[in-house]
Amino acid sequence: MRTKNYTRYSGLVVLFLCVALFINAKYATKPKVLVFTKTAGFHHSSIPAGIKAIMQLAAENNFDVDTTTNAELFTEDVLKKYSAVIFLNTTGDVLNNYQEADFERYI
C-alpha cells in the first residue's frame, strides 16, 4: 500500500516538474542588448560593420539586439529591459546629465 502511494506521489512530482520546465522554456525571454552608436564628432565608417558583427554574435548565441543613435532611450524604464549596453564607436558628449545619471543607476 505504501509503495503504491509512493509511486503515485513520485509520478505527480515528475509530472509537475515536466509541466514547470515546459512552461519556463516556452515563456523564457532571450537577453536583449542595446547597441548605441551616436556620434557628436567624428563618425566612424566602421559602425555598420560593428553592428553587423554584433548581430551575427546575437544570432549565434541566442540574444536579441536593438541598435540606436537616440540618446532619449537612456532612461531607467527603457534601460531595465536590457541585459547589456554597448557603446559602439561613440564620439563626443552623447548623453546629457540626466541620461548619464540614469545610465549610472542602470549599471
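Computed quantities for the displayed model
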quantity	calculated
Neighbour-count order for Tyr106, Tyr82, fewest beta carbons within 10 angstrom listed first	Tyr106, Tyr82
Selection of trypsin sites (Lys or Arg not before Pro), the range 34-107, meeting DSSP coil and at most 15 other Cβ within 10 Å	Lys80, Lys81
Using a Förster distance of 22 Å, the FRET efficiency for Asp64-Glu104 (Cβ separation, nearest 0.05)	0.35
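Read the figures in this text as sums done on the coordinates, not as results from a lab. In this text, all values refer to a predicted model and were calculated from it rather than measured experimentally. Note that we place each Cβ from the backbone using ideal geometry, even for glycine, and neighbour counts take in every protein chain shown.
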